1. Report, by residue number, each residue of region 93-118 that is surrounded by fewer than 17 Cβ atoms within 10 Å (Cβ to Cβ) and under 25 Å from the mean Cα position of the chain (by Cα).
2. State whether the residues of region 50-61 include one that is more than 19 Å from residue 97 (Cβ to Cβ), open to solvent by 90 Å² or more (accessible area, probe 1.4 Å), at pLDDT 50 or above and of a type in the set (A, V, I, L, M, F, W, C).
3. Out of everything in region 202-229 that is part of a helix (DSSP H, G or I) and among the polar types (S, T, N, Q), what residue ends up being least open to solvent (accessible area, probe 1.4 Å)?
Amino acid sequence: MRRTAIVRSLSALSAAAVIAAAASAAGAASSPSTVLPDGSIRYDYGRRPGPVLVCKPQHVCDIVLDSGESVLNMAIGDASHWVIAGGRSGLNGTTPHVFVKPTQADLETNLLITTTKRAYDIGLRSANDANHPHISFFYADEDAAAKAATAEHERQSIDSVLAGTPLVGPDKADAKYKIAGDTVLAPDRVFNDGVRTFVQWKALPPDLPGVVSIGANNVAARLNFRVVGTTYVIDGMNPNFDLVLAATSDRRHERRVSIRHL
């Protein structure tokens, strides 16, 4: 695979990702809530219109908050016709709940909940035909930030390995690999850091090979990888894999390098 082709492919994928993200954002803006298979409603926290819990009179409904946060205060607009109480679930009680019960039909008020992480303003209504007694929340902005932080941590980890830093650099890694096959495609070094496998060249070959793992009975399966500088970064540690450049119209046979852990 030519490097220019990879750049074009990555550009296309990036454009597709932007389009998908825009579509997702548009969907989130038009529909801030989702009905889950169990009949509960999940709201996108911070989106408008805000969450509304519709509850049957003399029935208890459940507001599920984020795992790890703790309720500090609860205030309800109509305390004479609504009963509210707190609870917890999950291992070590890490998930907070707020239980709500209306005493009659056709009531409407609001409930304010402050926690160690957030403030919630939830509309409350009572109706005899209510059929979604549980609501919870999805924290899209915070999830996106967490994913970005995870990706940045991984990037820094990879950079430190490639830079040869003492704690996690190649000098501390497992480099017991045997390399054989096409000399043009053959990398200069292969090692793993216990999490990822690194295939390094002094300079990338003109045509970039794919990567296939070699499993039991010589069954091959393609592996995903990232190109960082002159290095392939492969998630996981595969003891046996090949670098393969498929045959084209002007080549009779594919070119291959076998890499085996000793």
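1. 93, 94, 116, 117, 118
2. Scanning region 50-61, I find no residue that is more than 19 Å from residue 97 (Cβ to Cβ), open to solvent by 90 Å² or more (accessible area, probe 1.4 Å), at pLDDT 50 or above and of a type in the set (A, V, I, L, M, F, W, C), so the answer is no.
3. Residues of region 202-229 that are part of a helix (DSSP H, G or I), as a first pass: 216-218.
Within this subset, residues satisfying the condition of being among the polar types (S, T, N, Q) are 217-218.
Numbers: 217: 147, 218: 126 Å².
Among those that are part of a helix (DSSP H, G or I) and among the polar types (S, T, N, Q), it is 218.
The values are calculated or read from the model by the stated rules, or taken from the named source; none is laboratory data. Quick caveat, the model's predicted, so the values are computed rather than measured. Counting neighbours? That spans all protein chains shown, and the Cβs are built from the backbone with ideal geometry, glycine included. Remember, those area values only see protein heavy atoms, side chains included, never the ligands or the DNA or RNA. Shrake-Rupley method; radii C 1.70, N 1.55, O 1.52, S 1.80 Å.
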